1. Excluding ARG49 itself, what net charge comes from residues whose Cβ is under 11 Å from its Cβ, given Lys and Arg +1 and Asp and Glu -1?
2. May I ask you to evaluate 6.51 cos²θ - 1.76 cosθ + 1.60, the Karplus curve with θ = phi - 60°, for each residue of the range 70-77 and list the ³J(HN,Hα) values in order in whole Hz, giving x for glycine and proline?
3. Can you give me the long-range amide H partners of HIS62? Hydrogens built in the peptide plane at 1.01 Å from N, cutoff under 5 Å, separation of 5 or more residues or another chain.
Amino acid sequence: QKEKIDIYIGIPISRKRKVEMGEAAVAAHNVFVYGSLLSDDVVRVLLNRVPPSSAALLNHFHRFSIKGRVYPAILPVQNRHVSGRVLMGISDPELHILDEFEDESSDKLQAHAYVWRNTSDPNLYGDWDFEEWKQVHKESFIKMTMGFMEELELPESKPIGATYESFYQQDDAEK
């Protein structure tokens, strides 16, 4: 179950941009991303393309690191903000892929930002750093994402949490 919370991210789309994107894309979804989906390589594995995007700030939220995970969580926190970008022109099938890819611990906002459900999760700590993630975790995360996409094609696919856990447990065992 995903909870919808009204949130506004002002992203004006110029008439020229609407023409470039096409009417179908303008009528499609805009998704705010703030963690591993900031990486074009991860988005390309999931969607087979890198959609147009725009830098955005999500006010009154904070991006946390999560113990034992290489991706972040965001939660409402007054007087903070999360920098990210909005992927524009996301089709319904692409949104379904993103919904499946996001952990079940997340809620989807009206702006299609995935927010961690457990506000008192003891595994949340500090700030998540995208630059550090790119250097330390990006390569293995892309491999995990490729495995997720292969799994998604199966009739009895596992949720992303199970794919994530099995991939990183296997990765730890190989070290």
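1. Values: positive: ARG44; negative: ASP40, GLU94.
Result for the neighbourhood of ARG49: -1.
2. Those phi angles translate into 9, 10, x, 10, 10, 9, x, 9 Hz.
3. LEU75, VAL77
Values quoted throughout were computed directly from the atomic coordinates according to the rules given, and no laboratory measurement underlies them. Bear in mind that the values here come from a model prediction, so they are computed numbers and not experimental data. Because the Cβ atoms are built from the backbone with ideal geometry, glycine has one as well, and the counts that use them run over all protein chains shown.
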